[in-house]
Structures are given as C-alpha cells and as structure tokens.
Amino acid sequence: MSGGKRGSDITLRREAEGMLKSGLQPPEEMPTEHAQRLIHELRVHQIELEMQNEQLRNVQTQLEESRMRYADLYDFAPLSYFTFDEQGRIIEVNLTGAKQLGIERGNLINIPFATIVVESDWKGFSSHLKKIFDTNEGDTCEVRLRAKGSGEFFARLDSIFLESANGTVSCRTSVTDITERKRAEAALLESEQLVRRLNEHILKMVMVLSHDIRGPLVAIASILKLLLRGVYGKLDQSPANTVQDLLSRCARLLGTAEDYLGKASIVEGSLEMKREVLDLRQDIIDAVLEELADDITRRDMVIDNRLGAIPAGSIPICANKTWLKAVYRNLFTNAVKYGDKGGTISFGVEQRESHYRLNVYNSGRPIAEKDRAKIFGRFERIEPAEGPAPEGIGLGLSLCRQIIREHGGEICYEALPDGSNFVFTISKQDEFGASTAGD
C-alpha cells in the first residue's frame, strides 16, 4: 500500500470515528469490553465504507461528465477526426467526419480508410500511415477522398501517434477539405503559364522587331553619312545641319533597338556571341558617345579619360560589336542618369597579358553600400539618393555582366570617394582560341 493510500485511509478512519462519536452512542450495558471494541470497529468500518462509496460515486459522476464533455468536443468539433489502427482501419470517427464523407458513422467503423481514398493516392496514404507507426511521430499528407453524393475532394491529413495505458497504439488524424485551395493553386499555375507564354511571345516579337529594324537603320545612317561627306554633292550649311540631326536621331534609334534586343535576349536566354576584330575607340566607344551626345550635353557633363590611359590610334579588340556596344551603352547611360549634373564621365583601356582591363567612371555620390549586392541582379532597381528614379526595368547591368562573361571576363563595381567606377575585363582570345592582339 502506498503512502498516499495509507494517509487517505487514516483520514477516512478519523472522520468515521468523529461521526460515530457525534451521532452514535454505545449501549449502556456491553457484554464484555472486547465486544464493545468489536462493535465500535464494525461501526467505524461501516462509516468508512459509506464514505468511500460516496467518494467513488462523486468520482464516477465527474468521469462521466468529463467523458460527455470529451464526446461533445470530439463529435461536434468543426474538424473531421478519424482514428486508425495499424492496418488503417477506422476505429473511431466524429460526427463531422461522418458528415464530411456523407456516410453514417456506424457504417465507417472497422472499414479500411483506403477504400475512401482515390486509387491513385493509395500509395501516398499508405506511406503516410507507415511513417506514423514507424516513427511514433506526426506527419502530414494530401490525398483525394470520395464523399458519398458529392464526389471527390482534396483533403489534408494531419496525423499523430497515440498509445493508450494498456499499450494499444493508434493514429489520430484530422481531415481538412482543401479543394478550394487546390483550385486556386491550379488557377494560379494556369495564369502563370499563360503569362509565361505571353512573355515569351512578347520577347520574341521584341527580338524580331529589334533585329529587323537594325538593317534599315544602318542603311539610312550610311546614306546620311555619305550625304555629309559630299558624295552626292556639297550641302549648304542648313541642309547639312538637318542631315547631321537626322544622323544623330538615327544613331540613337539604332542604339535603342540594339539595347532592346540585348535585354530581350538575356531574358530569353539566347545571346549569340560571334566575335570579330574591332577598333574599340571607333567602332564601340565613339559610336555610343555619339548616340548619347544630346543627353550628355543636356546634363552639362564632360568626357575625359583621367582614370585610364587611352592608347593613341586604333585599339584592336576581339569582341561582338553589337553586345560590346550594349555594355558601353548601358554604362554610359547610367553615368549620365546617376552622375552629377555638370560632372565628369571617364573611361579607360589597359592591355594586359591575356586580357583587356576597361572601366567607365562617373563623378557623383557612390551607390549606397546596402544596395551594392543587387547591382547586377535582374530586375533590380537602385533608387537614387535624391530626386525621382530614372526610367528602366533593372536589366541593363545584368545584361552587361552576361555579355562580359560570354567574352571570358568579369565586371565589378568600385565605390570611389567622389563617384562610381565600373571595371570589367575581356579576354584577348577569339572564339577559335587565337590571340588577336600583339603582346
């Protein structure tokens, strides 16, 4: 007998003796002292039994009330609850679960739950149940169930492992109808696929348009240049100014077409990198600066090369003309957009043993340190410290990095005390592995 039980018996005995003394008097004449003690003991024991019986009735009443409360909570819970044995048979189900399946609760007991699961999901439910009993831990899975009269529905099963005092094990599972969520996910997926197909179509249209417009623009620019050179006769100053203006506009439009072609290509993932020997100064840098001349003038910016020595004469480089122009176009455009009004734009070229080291610098406030990690990210926009954000979609520097990597180089950003400097490299090797620059 435990100490707690012994203490309880002593307390009951004391209470019984007290009740006997207060309510029951022994007879005046007792046969013997032994008989008197025996009667006393019997009466005390009788009262003890009555008190224990009363306590048991109270406990039984409390247990019954608790059981009824549990039954109410279990049966009328808003969630469906099922209890399975190790074979997946239903050994208990609440009213909500029976109603969810449209089957009388009594007709569900002892039937395999798998008979309610759609055949294609049997394996998933079986693995779920096995995991519960193998690990004695909880698990979640999604299956389709059959409901009588209403057809199939998607359900999420959230299960836990249970073990009773006598060692019986079972699995308690809540069943949640997730059909609406699944429909929403399917609709979202369909919408995403539609948007993806639309984007692909738009990208192809932009690429085709940009590519097809370049040919006529190049032809127009060539004719305008011939006019300015007097091939078709000397022009007066006024017509010459007009032709020069048209040539500038044509060059700008050609640059825009190439820029859109590059951005569409990087998103679509189809950069074609055919390299040729070019003059970096004439074919790339001067051509891009001519496109941006109006913007540079409007911002009162000055071009110099104080951050890099520019070799005299031509600068041979093996690169793709269209894409290298796109790199300089983006870097010069950003220098104009984000640099100081009236500030400086610089560029430099250094020939190393195996590569070219190039840079584009602009004076002004450097990019904030918190924004530097996303400089070359796709669709990343960096807001200026002051004033409205320039137009753009955040693809320019991502395009630059992709082009430069295709040329066997890398690009990085350097924050200087008085400005921003983009440094990049291009391999001297052409696509066939032959060196194109004298060392």
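Applying the set (1) part of a strand (DSSP E or B); (2) over 39 Å from the mean Cα position of the chain (by Cα) to GLY106 leaves exactly one unmet item: (1).
Table: residues versus (1) part of a loop (DSSP other than H, G, I, E, B); (2) exposed (fewer than 14 other Cβ atoms within 10 Å of the Cβ); (3) at pLDDT below 80; (4) in contact with a strand residue (DSSP E or B) (Cβ under 8 Å, 6 or more places away or on another chain).
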| position | (1), (2), (3), (4) |
| --- | --- |
| GLN25 | yes, yes, yes, no |
| LEU38 | no, yes, yes, no |
| GLN60 | no, yes, yes, no |
| GLU86 | yes, yes, no, yes |
| GLU92 | no, no, no, yes |
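The residue pairs whose first member lies in segment 175-204 and is over 30 Å from SER159 (Cβ atoms), whose second member is of a type in the set (A, V, I, L, M, F, W, C), and whose beta carbons are closer than 7 Å, counting only pairs six or more residues apart or on different chains, are LEU203/ALA264; LEU203/VAL267.
On inspection, ASP259 qualifies as part of a helix (DSSP H, G or I), acidic (Asp, Glu) and at pLDDT below 80.
Annotation note: Cβ proximity below 8 Å between a residue of segment 77-88 that is touching a residue at least 12 places away in the same chain (Cβ under 8 Å) and a residue that is among the acidic types (Asp, Glu) and surrounded by fewer than 20 Cβ atoms within 10 Å (Cβ to Cβ) (sequence gap 6+ or interchain) occurs for TYR81/GLU92; PHE82/GLU92; THR83/GLU92. Somewhere in segment 321-339, is a residue more than 26 Å from GLN244 (Cβ to Cβ), touching a strand residue (DSSP E or B) at 6+ places or on another chain (Cβ under 6 Å) and among the basic types (Lys, Arg)? The answer is no; no qualifying residue exists.
Of everything in segment 188-217 that's exposed (fewer than 13 other Cβ atoms within 10 Å of the Cβ) and under 22 Å from ALA287 (Cα atoms), which residue is modelled with the highest pLDDT? Among those that are exposed (fewer than 13 other Cβ atoms within 10 Å of the Cβ) and under 22 Å from ALA287 (Cα atoms), it is PRO216.
Listed by position, the strands (runs of 3 or more DSSP E) enclosed by segment 344-419 that each have at least 3 residues that are of a type in the set (Val, Ile, Thr) and at pLDDT 85 or above are 344-351.
The values are calculated or read from the model by the stated rules, or taken from the named source; none is laboratory data. The model shown is predicted, which means the values in this text are computed figures rather than measured ones. Note that we place each Cβ from the backbone using ideal geometry, even for glycine, and neighbour counts take in every protein chain shown.
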